[in-house]
2 protein chains.
Amino acid sequence: MNFSSTQKAYLAGFLDGDGSIYVRLKPNEDFRYGFQVAPYIVFFQSSKDRKNFEMICALIGVGCLRERNDGMLEYVIQRQHVIKEFLLDISPYLLLKKGQADLMLQILEKKSEVRCKEDFVVLMKLIDCFRELNYSKKRKIHMLTP
Amino acid sequence: MNFSSTQKAYLAGFLDGDGSIYVRLKPNEDFRYGFQVAPYIVFFQSSKDRKNFEMICALIGVGCLRERNDGMLEYVIQRQHVIKEFLLDISPYLLLKKGQADLMLQILEKKSEVRCKEDFVVLMKLIDCFRELNYSKKRKIHMLTP
């Protein structure tokens, strides 16, 4: 990524207005602690505005565009090193989602340092903080596999 | 308004993501041609995020914050010279709503030049172009008072 300062500021404004930063904990027995940790940055747009939205996607350049069944477009950044680099770029310009960006960076850091079950519990608690920041109505209690 | 280039770019991104540019034609017999021409720039946010949203409102500084009955906050710019100045500032950075910004500037220009009924009909047709740009489902046929 090689954004100019005004491109970074634009993307920060667009993410504040129309984007989302979150981490999903997906139950998955293939993973050591029973959960897959899946971080996301997502931008939304009505598919009626696909042509213009594709300009923004091309500017970002590091995600995937997909169309949902309800006619909404999602441009999704999922790769963790890309999320990290993108947030470090635009974070200084964020006004609404600064807290989510900082939390995501902290989670990616902790995730790379998990060595035992206790570390993973700390990571899960950090992920739960997104519910507060994103005003999620869903509050799930996640149980670690024994 | 005295925005830096990154502030202009941020506001363009935020408006692209979460804002709206439109003109309402309000039937009103007090006006010469039977309609009030009311231009708007509006930014939306959930009232749960009021504290952060107020930072953006303070940055813009030229509108009014109001809370709707459904719990949404609206920051509204209504004064025409302010809309014009604001759009001239951020328009170079817009990606999604460039068409709406250009149309609004064109309408404000035409509005100041209306001298007769024929001019007003041209103005009304321009205003109708917003329906296409904003994908409005409402299509109204406006009739001029005789």
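The values are calculated or read from the model by the stated rules, or taken from the named source; none is laboratory data. Please read these numbers as outputs of a predicted model, since none were measured by experiment. Cβ sites come from the backbone with ideal geometry, for glycine too, and all protein chains shown count toward neighbours.
If the requirement is being out of contact with any Asp or Glu (no Cβ under 6 Å at 6 or more places or on another chain), at the interface with chain A (Cβ under 9 Å from one of its Cβ atoms) and part of a helix (DSSP H, G or I), which of these qualifies: B:Ile83, B:Ile90, B:Ile107, B:Ile56?
Working: B:Ile83 fails: at the interface with chain A (Cβ under 9 Å from one of its Cβ atoms); B:Ile90 fails: at the interface with chain A (Cβ under 9 Å from one of its Cβ atoms); B:Ile107 fails: at the interface with chain A (Cβ under 9 Å from one of its Cβ atoms).
Exactly one residue qualifies, and that residue is B:Ile56.
Residue selection: B:Leu123 satisfies the criterion of being part of a helix (DSSP H, G or I), touching a residue at least 60 places away in the same chain (Cβ under 8 Å) and more than 14 Å from chain A (Cβ to nearest Cβ).
I'd like the full set of residues that are closer than 16 Å to A:Val62 by Cα and either within 14 Å of chain B (Cβ to nearest Cβ) or touching a Gly at 6+ places or on another chain (Cβ under 9 Å) (or both), limited to the stretch A:21-43. Outline the logic, then answer.
Filtering the stretch A:21-43 down to residues closer than 16 Å to A:Val62 by Cα leaves A:21, A:39-43.
The answer is A:Ile21, A:Ile41, A:Val42, A:Phe43.
So which of A:Ser5, A:Ser46 is at the interface with chain B (Cβ under 8 Å from one of its Cβ atoms), hydroxyl-bearing (Ser, Thr, Tyr) and surrounded by 13 or more Cβ atoms within 10 Å (Cβ to Cβ)?
A:Ser5
This table checks each residue for (1) loosely packed, with under 13 Cβ neighbours inside 10 Å; (2) within 12 Å of A:Leu15 (Cα to Cα); (3) not aliphatic (A, V, I, L, M).
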site: A:Ile56; (1), (2), (3): no, yes, no
site: A:Arg68; (1), (2), (3): yes, no, yes
site: A:Arg79; (1), (2), (3): no, no, yes
site: A:Tyr93; (1), (2), (3): no, yes, yes
site: A:Leu103; (1), (2), (3): no, no, no
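When the stretch A:31-43 is filtered for residues that are surrounded by 18 or more Cβ atoms within 10 Å (Cβ to Cβ) and over 12 Å from the mean Cα position of the chain (by Cα), the ones remaining, listed by number, are A:Tyr33, A:Phe35.
When every residue of the stretch A:65-79 is checked against the conditions, none turns out to be of a type outside the set (D, E, K, R), in a helix (DSSP H, G or I) and at pLDDT below 95. Checked against the criterion of being more than 11 Å from chain B (Cβ to nearest Cβ), over 20 Å from B:Ala9 (Cα atoms) and surrounded by 15 or more Cβ atoms within 10 Å (Cβ to Cβ), the candidates A:Gly99, A:Gly63 yield just one match: A:Gly63. Looking across B:Lys110, B:Lys117, one residue alone is farther than 28 Å from A:Lys48 by Cβ and basic (Lys, Arg). It is B:Lys117. The single condition from (1) of a type in the set (S, T, N, Q); (2) over 17 Å from B:Ile90 (Cβ atoms); (3) surrounded by 16 or more Cβ atoms within 10 Å (Cβ to Cβ) that B:Asn28 fails is (3). Confirm whether B:Asp16 is buried (at least 21 other Cβ atoms within 10 Å of the Cβ) and within 13 Å of chain A (Cβ to nearest Cβ). In short, yes.
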